[in-house]
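Working notes for the structure below.
The values are calculated or read from the model by the stated rules, or taken from the named source; none is laboratory data. In this text, all values refer to a predicted model and were calculated from it rather than measured experimentally. Don't worry about glycine lacking a Cβ; one is built from the backbone with ideal geometry, like all the others, and counts go over all protein chains shown.
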Amino acid sequence: MGPFKIVFNKWDRKADQIACAIATEIERGNISAGEQLPSINRFSISHKVARDTVEKAYSILKKQGLVRSIAGKGYFTVKNKLVNDKAIVIVSSMSGHEEILCNTLIQYLKKELNIDIRLYQHNSSRLQNLLENSRLIYQHSAL
């Protein structure tokens, strides 16, 4: 896996951001199936984050089915899974209709899609950041 840069934001957990960055690299084909990820120590040092943060990020990727761990060997990518099975829902808040929408999506689509729900809390710069970093193929906005 070649080096890549992660620009951390202050709104999301670093472990989530690391997992998202690695998943994006897998999606783009920059990390091949079967490729070994950097050790937790090496990743921690190169990106100046805590070991626990990297471990949590790898755990997230493992739960998503993107990596597997081999005792004594490390973490390896499984396959390029994210191409068409991810939905990102961006809402202003989790009240009223937004909560009903999100709960309905989760209830009916959780087996087919990885659903990522992000809040922008009526902050236009936060919304802009989410849209730019989400790399959406299709965007629908009711703003």
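From S69, S44, S32, S39, which residue is over 21 Å from A87 (Cβ atoms), hydroxyl-bearing (S, T, Y) and out of contact with any strand residue (DSSP E or B) (no Cβ under 9 Å at 6 or more places or on another chain)? Step through it out loud before you land on a result.
Details: S69 fails: out of contact with any strand residue (DSSP E or B) (no Cβ under 9 Å at 6 or more places or on another chain); S32 fails: out of contact with any strand residue (DSSP E or B) (no Cβ under 9 Å at 6 or more places or on another chain); S39 fails: out of contact with any strand residue (DSSP E or B) (no Cβ under 9 Å at 6 or more places or on another chain).
It is S44.
If the Cβ limit is 8 Å and pairs must be 6+ apart or interchain, which residue in segment 23-34 that is within 17 Å of N114 (Cβ to Cβ) pairs with which residue that is basic (K, R)?
Note: pairs meeting the criteria are T24/R135; I26/K81.
With the checklist (1) surrounded by 15 or more Cβ atoms within 10 Å (Cβ to Cβ); (2) modelled with pLDDT of 85 or more; (3) of a type outside the set (F, W, Y) in hand, flag the one item N133 doesn't pass.
Failing condition for N133: (2).
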